[in-house]
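The values are calculated or read from the model by the stated rules, or taken from the named source; none is laboratory data. Fair warning: this is a prediction, and the values are worked out from it, not measured in the lab. We place every Cβ from the backbone using ideal geometry, glycine too, and count neighbours over all the protein chains shown. For the accessible areas, the whole protein counts, side chains as well, though only heavy atoms, and no ligand, DNA or RNA atoms are used. Shrake-Rupley method; radii C 1.70, N 1.55, O 1.52, S 1.80 Å.
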Amino acid sequence: MIIDDQHYDVIIVGTGAGGGTLARKLAPTGKKILVLEQGDFLEKGSSQLVDVEVFKKESFYAPEKWYEEEDSFFPQTNYSVGGNTKIYSGVLQRLREKDFEKVQHQDGFSPEWEVKYKDFEPYYTEAEKLYQVHGNVGNDLTEPSRSEDFPLPTVDSEPQIEDICTRISKQGLNPAYLPIGVGKQGRTDSEDTGIYPTIKKYDNVTVKTSAKVVRLVTNASGKEVKAVEANIGDRSYLFVGNIIVLSCGAINSAALLLRSSNEKHPKGLANSSDLVGRNLMKQLMTVVVQLSNTPNSGLFQRTRYINDFYWGDENFSYPMGHIQNSGGILQDVIFSESPPILSVAAKLMPGFGLKQLAKRSIGWWLQTEDLPSPKNRVRVKGGKLYLDYTANNIEAHDRLIYRWIDVLKSIDEKQKIYPRGEAPIQVVAHQSGTCRFGEDTRTSVLDLNCRTHDIDNLYVVDSSFFPSISATSPALTVIANALRVGEHLINRLG
Ligand SMILES: Cc1cc2nc3c(=O)[nH]c(=O)nc-3n(C[C@H](O)[C@H](O)[C@H](O)COP(=O)(O)OP(=O)(O)OC[C@H]3O[C@@H](n4cnc5c(N)ncnc54)[C@H](O)[C@@H]3O)c2cc1C
């Protein structure tokens, strides 16, 4: 074991939406900051390569197996500088005001957050500016109040998407412009927006890549994390810091805490509540593929969304969820079922190759909130990482699917094909909840500043803190929260 001779004020583990943003926020303090990331820098422009081909080659799956009972799988999660923001779709949307409240769903309650929308609002505004969000306050009835307009105007849609939106508007629906982060290089991410400008400008920040943190080491009383153990190449290093911030993604942060158990923390670090790893949420996701008679580029942006059924409809008084157009089947990260979706379609439309079919496709992503359950959890056993996950809120999601298919059919009877693909276990894109925050030490892992209740100098700023996931995409909330926690840390660091 090599003990690094430096002493850091802050050590951040992970460079995704949470860690990358926090590094940038803390850099101007001049404090000595170390960022450890298990992945490497991706080749420039690689985030623009995301498409079915890339995913079929599994380039952006984690290079390790996780387990569901005894079955292993490669999780769809990216290990590189920028984390999952290197492969995300750039949809940067705020949670709705009501998402912060206790909401009745058909399958139970979505719990209240103890920090409210009004507390997040200034950080959402800061996050939208930082990540160059393009948007427009339109006619979406769920749109939350804002202190400032979107920083940048909306991005143009493909004509086919506009046409569908015009037609469904005539039926009284309210298609709105999807807020997306776009900069000069394409989608904004936490490498280009967080890590890269930070290391370019601030020499008080050191980023070590290919550095996998394997254990947190506490002092004898167990009240403080003294050092972080990381594997770099085939060597093991100890890095010492005053404040340790985990941002490994909700699943990996929980696993790291559980793997760092010691005499003082036999159930895992910061786990006196026994909630570390529990309440894993990942939303119910389905892709509905619409095959149109006219070809499109197959490579377009996500630009429009429909929240008319977010809180339910006239036949179902519980939340159903969110719908957004996908980026085109050629380019998008359709779940592992995507080849079968297209092969089914190919049988129904003989004479077309898969690529041609993809260019006639418009995908719609449907997201429904899943509710936190202590049984849905991350576990570690014998060095293996297990996910125990049983979906809930299924009827709400099914209703959303069939409601949306009805809408699409109603605008063009000739379209007969609506194959769908549901997200399997390895789709953990919207993972969250595994270290929920709150004031009560018995019902939460983190306090409202995302500091662990049990260990004074240990924080978690990835999507672990969410008490509920909502049906909205989570990244902007992770980014805004990192800015909020960053402000707290700046005060703490003096
Ligand atoms: C295909 C895809 C599309 C998505 N599209 C959207 C979207 O359009 N809008 C949206 O809001 N959200 C989207 N998401 C989700 C979004 O990317 C995540 O919510 C967000 O990136 C979470 O940020 P995070 O900081 O929690 O973790 P991550 O971004 O996952 O970053 C975690 C980082 O920690 C590193 N790490 C993990 N363990 C260790 C360790 N032990 N040691 C060192 N480093 C470690 C990882 O390598 C990774 O770089 C998408 C996700 C995927 C996979």
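Checking residue 217 against (1) closer than 23 Å to residue 371 by Cα; (2) more than 10 Å from the ligand (Cβ to nearest atom); (3) touching a residue at least 40 places away in the same chain (Cβ under 8 Å), only one condition comes out false. Which one?
(1)
Show me the strands (runs of 3 or more DSSP E) entirely contained within the range 1-119 in which 3 or more residues are away from the ligand (no atom under 15 Å from the Cβ) and modelled with pLDDT under 95.
Result: 2-13.
For the range 121-165, which positions are in a loop (DSSP other than H, G, I, E, B), modelled with pLDDT of 95 or more and open to solvent by 60 Å² or more (accessible area, probe 1.4 Å)?
132, 145, 147, 148, 149, 153
Tell me, please, whether a residue that is in a strand (DSSP E or B) and modelled with pLDDT of 95 or more can be found in the range 254-266.
No - not one qualifying residue is present in the range 254-266.
Just the residues that are more than 16 Å from the ligand (Cβ to nearest atom), polar (S, T, N, Q) and in contact with a helix residue (DSSP H, G or I) (Cβ under 9 Å, 6 or more places away or on another chain), please, taken from the range 279-315.
The answer is 290, 292, 294, 296, 315.
Would you point out which residue out of 118, 102, 170, 98 is buried (at least 16 other Cβ atoms within 10 Å of the Cβ), more than 23 Å from residue 249 (Cα to Cα) and not β-branched (Val, Ile, Thr)?
Going through 118, 102, 170, 98 in turn, just one is buried (at least 16 other Cβ atoms within 10 Å of the Cβ), more than 23 Å from residue 249 (Cα to Cα) and not β-branched (Val, Ile, Thr): 98.
When the range 384-415 is examined, which residues are found to be more than 21 Å from residue 367 (Cβ to Cβ) and under 21 Å from the mean Cα position of the chain (by Cα)?
Within the range 384-415, 385, 386, 388 qualify.
Quick test for you: out of 197, 175, pick the one residue that is open to solvent by less than 20 Å² (accessible area, probe 1.4 Å), more than 16 Å from the ligand (Cβ to nearest atom) and at negative phi.
175
Just wondering, is there one or more residues in the range 179-188 that are without any contact (Cβ under 8 Å) to a residue 24 or more places away in the chain and open to solvent by 10 Å² or more (accessible area, probe 1.4 Å)?
Yes, because at least one residue in the range 179-188 is without any contact (Cβ under 8 Å) to a residue 24 or more places away in the chain and open to solvent by 10 Å² or more (accessible area, probe 1.4 Å).
For the range 429-463, name all the residues that are of a type outside the set (Val, Ile, Thr), within 10 Å of the ligand (Cβ to nearest atom) and within 17 Å of residue 243 (Cβ to Cβ).
462, the sole residue that qualifies.
Please specify each residue of the range 148-191 satisfying the condition of being touching a helix residue (DSSP H, G or I) at 6+ places or on another chain (Cβ under 6 Å) and under 22 Å from residue 121 (Cβ atoms).
The answer is 148, 151, 190.
Of all residues being at pLDDT 95 or above and of a type in the set (D, E, K, R) in the range 210-237, which is surrounded by the fewest Cβ atoms within 10 Å (Cβ to Cβ)? Just the residue, please.
235
Restricting attention to the range 440-452, and to residues there that are surrounded by fewer than 21 Cβ atoms within 10 Å (Cβ to Cβ), in contact (Cβ under 8 Å) with a residue 12 or more places away in the chain and within 24 Å of the chain's Cα centre (by Cα), which single residue is farthest from residue 119 (Cα to Cα)?
Filtering first and then ranking leaves 443.
For the range 68-86, which positions are more than 14 Å from residue 387 (Cα to Cα), of a type outside the set (S, T, N, Q) and open to solvent by 20 Å² or more (accessible area, probe 1.4 Å)?
79 - this is the single residue of the range 68-86 that is more than 14 Å from residue 387 (Cα to Cα), of a type outside the set (S, T, N, Q) and open to solvent by 20 Å² or more (accessible area, probe 1.4 Å).
Taking only the range 381-420 into account, find how many residues are crowded, with 18+ Cβ neighbours inside 10 Å and within 14 Å of the ligand (Cβ to nearest atom).
1
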